[in-house]
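The values are calculated or read from the model by the stated rules, or taken from the named source; none is laboratory data. Since we're looking at a predicted model, the values are computed, not measured. Quick reminder, even Gly has a Cβ in these numbers, built from the backbone with ideal geometry, and neighbours come from all protein chains shown. Quick note on the areas: whole protein, heavy atoms, side chains included, nothing else; ligands and nucleic acids left out. Shrake-Rupley method; radii C 1.70, N 1.55, O 1.52, S 1.80 Å.
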Amino acid sequence: MDNQKRIQLIQECPMCGARYDQMSTFVVRESESGHLLYLKCAQCLGGVVATVVEAPFGLLGSGLVTDLQYDEVEKFFSSAPVTEDDVLTVHSILSQADKK
């Protein structure tokens with residue numbers, strides 16, 4: 001199935017119900033396993049990050065309403081994953097802030 005048909009599967013904004021325009025749909029990443037899409041509603045300006053993957057029995061998709069813009073989705077998708085050390089560092093910083 002081509003990209004245009006995959007994108008057309010997500011047709012309405014989950015926040016206001018307006019129909020998406022193809023020009024408001026952006027492919028963040030493509031791979032053999034699927035597509036990461038960003039959709040921006042022209043009416044309410046809400047954003048959705050969605051994944052679409054091809055499975056043996058059809059297409060599977062899931063979406064997440066977000067306040068991020070396309071460039072922010074691209075930035076976070078391209079950044080390194082959060083590690084256990086990152087979590088411990090944040091916990092330590094927050095614990096120190098609580099003591100003040």
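Some notes on this structure:
- Rounded if a/c under 1.5, otherwise prolate or oblate - the chain, Cα gyration tensor axes: prolate
- Estimated [θ] at 222 nm from DSSP helical runs (n ≥ 4, -39500 (n - 2.57)) normalised by residues in the chain, nearest 500: -9000 deg cm²/dmol
- Take the Cα of Val90, step 7 Å toward its Cβ, do the same at Thr66, and the gap between the two points is 1.5 nm.
- Charge dipole (debye, nearest 20) of the chain; +1 at Cβ of Lys and Arg, -1 at Cβ of Asp and Glu: 260 debye
- The range 20-100, relative contact order [Cα under 8 Å, separation at least 6], %: 19 percent
- GNM flexibility winner over the chain from Leu45, Leu88, Leu37 (Cα, springs under 10 Å): Leu88
- Cα-based shape type of the range 13-72, given that a ≥ b ≥ c are square roots of the gyration tensor eigenvalues and the cut on a/c is 1.5: prolate
- The chain: most fluctuating residue of Asp67, Asp85, Asp21 per GNM, C-alpha cutoff 10 Å: Asp85
- Think of the chain as a dipole: +1 on every Lys or Arg Cβ, -1 on every Asp or Glu Cβ, centred on the Cα centre; then among Gly17, Pro81, Ser95, Gly17 lies furthest on the positive end.
- Mean accessible surface per residue for the chain, computed with a 1.4 Å probe while every protein chain stays in place, in Å²: 73 Å²
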